Amino acid sequence: KAGVTQTPRYLIKTRGQQVTLSCSPISGHRSVSWYQQTPGQGLQFLFEYFSETQRNKGNFPGRFSGRQFSNSRSEMNVSTLELGDSALYLCASSLAAGANYGYTFGSGTRLTVV
Amino acid sequence: QQQVKQSPQSLIVQKGGISIINCAYENTAFDYFPWYQQFPGKGPALLIAIRPDVSEKKEGRFTISFNKSAKQFSLHIMDSQPGDSATYFCAARDDKIIFGKGTRLHILP
């Protein structure tokens, strides 16, 4: 059974640019959540998508957005990149909404903003 | 405001010893308490989890102790091995998973 796949693994962008990250959840999982991981703040919740709808959102500015497709694959977009957006972005999939049985995480996309 | 407080930040244990990581929470609505293990270059992986109606859960060398009245829970790793060296996160669920800041564990060979 394939795990959670995130692409690309590494990304270098310039301040002001925008970026799109992709996540394919485990087959059959309908919920996808996104987290930002930094050394200072740890793992912070960005948002959760279930059945193509955003059902929960963390405390991040509107520059961070996402979407989910009918096959449960998800993308997140960060516009007008800032240096502080440099982080590991993790996608997590679960069978149902609300993480009642926890998540399975992908290996993440390492974003560096220069 | 940090909803799940984890300590210590880092921990060094001799091979064969017991590693103990502690967490505390405030929100009594939390209903699921997982622990995740993360190796460099990888995403966190679910290690063991407990629900608040249970005081202890054991899986192999890993044990969660849960004290509902004190709003505290801890992870014990018995007979710690160098392969256990990783970052450990406690977490709690209230419709999403909220993580502690992590403990970097190093097991000396």
- Query: Nearest-5 percent of antiparallel DSSP beta bridges in the protein assembly as shown?
  - Reply: 90 percent
- Query: Can you pull out the chymotrypsin sites (Phe, Trp or Tyr not before Pro) in the range A:3-111 that DSSP calls coil and that have at most 14 other Cβ atoms within 10 Å?
  - Reply: A:PHE69, A:TYR101
- Message: Compute the distance from the alpha-carbon center of the range A:47-114 to that of the range B:34-109, in whole Å.
- Response: 23 Å
- Item | Neighbourhood charge, 15 Å Cβ-Cβ cut-off, centred on B:ILE12 and excluding it, Lys, Arg +1 and Asp, Glu -1 | +1
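Calculate how large, on average over all directions, the projected area of the Cα convex hull of chain A is; give the answer in nm² to one decimal.
Numbers: hull surface 26.1 nm².
Computed as one quarter of the Cα hull surface, the answer is 6.5 nm².
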- Relative contact order, percent, of chain A when contacts are C-alpha pairs under 8 Å separated by at least 6 residues? 37 percent
- Message: How large is the direction-averaged shadow of the alpha-carbon convex hull of the range A:55-99, in nm²?
- Response: 3.9 nm²
- Item | Placed amide H near A:ASN56: partners under 5 Å, 5+ positions off or other chain | A:GLU48
- Yeah, the range B:32-109 with a ≥ b ≥ c from its alpha-carbon gyration tensor (a/c under 1.5 is rounded, else prolate when a/b outruns b/c, oblate otherwise) is oblate
- Query: Taking the range B:22-109, which trypsin sites (Lys or Arg not before Pro) meet the DSSP loop condition and have no more than 10 other C-beta atoms within 10 Å?
  - Reply: none
- Query: Applying the Karplus parametrisation 6.51 cos²θ - 1.76 cosθ + 1.60 with θ = phi - 60° to the phi angles of the range B:22-35, what ³J(HN,Hα) value in whole Hz is obtained for each residue in order, glycine and proline being reported as x?
  - Reply: 10, 9, 9, 9, 10, 7, 6, 7, 4, 10, 7, 10, x, 10
- Spin-label pair A:SER22/A:ALA96, simplified geometry with 7 Å Cα→Cβ offset, distance in nm: 3.1 nm
- Note on the structure: Everything considered on the Cα gyration tensor (a ≥ b ≥ c; rounded for a/c under 1.5, else prolate if a/b is larger than b/c, else oblate), the protein assembly as shown must be described as prolate
- trypsin sites (Lys or Arg not before Pro) within the range A:1-102: DSSP coil, no more than 10 neighbouring Cβ in 10 Å: A:LYS1
- Item | Antiparallel DSSP beta bridges within chain B, percent to nearest 5 | 90 percent
- Taking Cα pairs under 8 Å and at least six residues apart, what relative contact order does the range B:27-109 come out at, in percent? 29 percent
- What FRET efficiency comes out for the pair A:SER51/B:GLU56, r = Cβ-Cβ distance, R0 = 22 Å, nearest 0.05? 0.05
- In whole Hz, what ³J(HN,Hα) sequence does the range B:53-61 give by Karplus (6.51, -1.76, 1.60; θ = phi - 60°), x for Gly and Pro? 8, 10, 8, 7, 9, 10, 9, x, 8
- Determine, for chain B, the count of lysine pairs separated by eight or more sequence positions (or lying on different chains) whose alpha-carbon distance falls under 25 Å. 26
- Query: What are the ³J(HN,Hα) values, in whole Hz, obtained from phi via the Karplus relation 6.51 cos²θ - 1.76 cosθ + 1.60 with θ = phi - 60°, for each residue of the range A:82-93 in sequence order, with x given for Gly and Pro?
  - Reply: 10, 4, x, 7, 4, 5, 9, 9, 10, 9, 10, 10
- Please give the net charge around A:ARG30, taking every other residue with its beta carbon less than 13 angstrom from that of A:ARG30, where Lys and Arg add +1 and Asp and Glu add -1. 0
- Message: Name the residue from A:THR80, A:PHE69, A:GLN17 whose Cα lies farthest towards the positive end of the charge dipole of chain A, charges +1 on Cβ of Lys and Arg and -1 on Cβ of Asp and Glu.
- Response: A:PHE69
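All of the numbers you see were taken from the coordinates with simple rules; none came from a lab. Source: prediction; values computed, not measured. With ideal geometry, Cβ positions are generated from the backbone for all residues, glycine too; neighbour counts draw on all protein chains shown.
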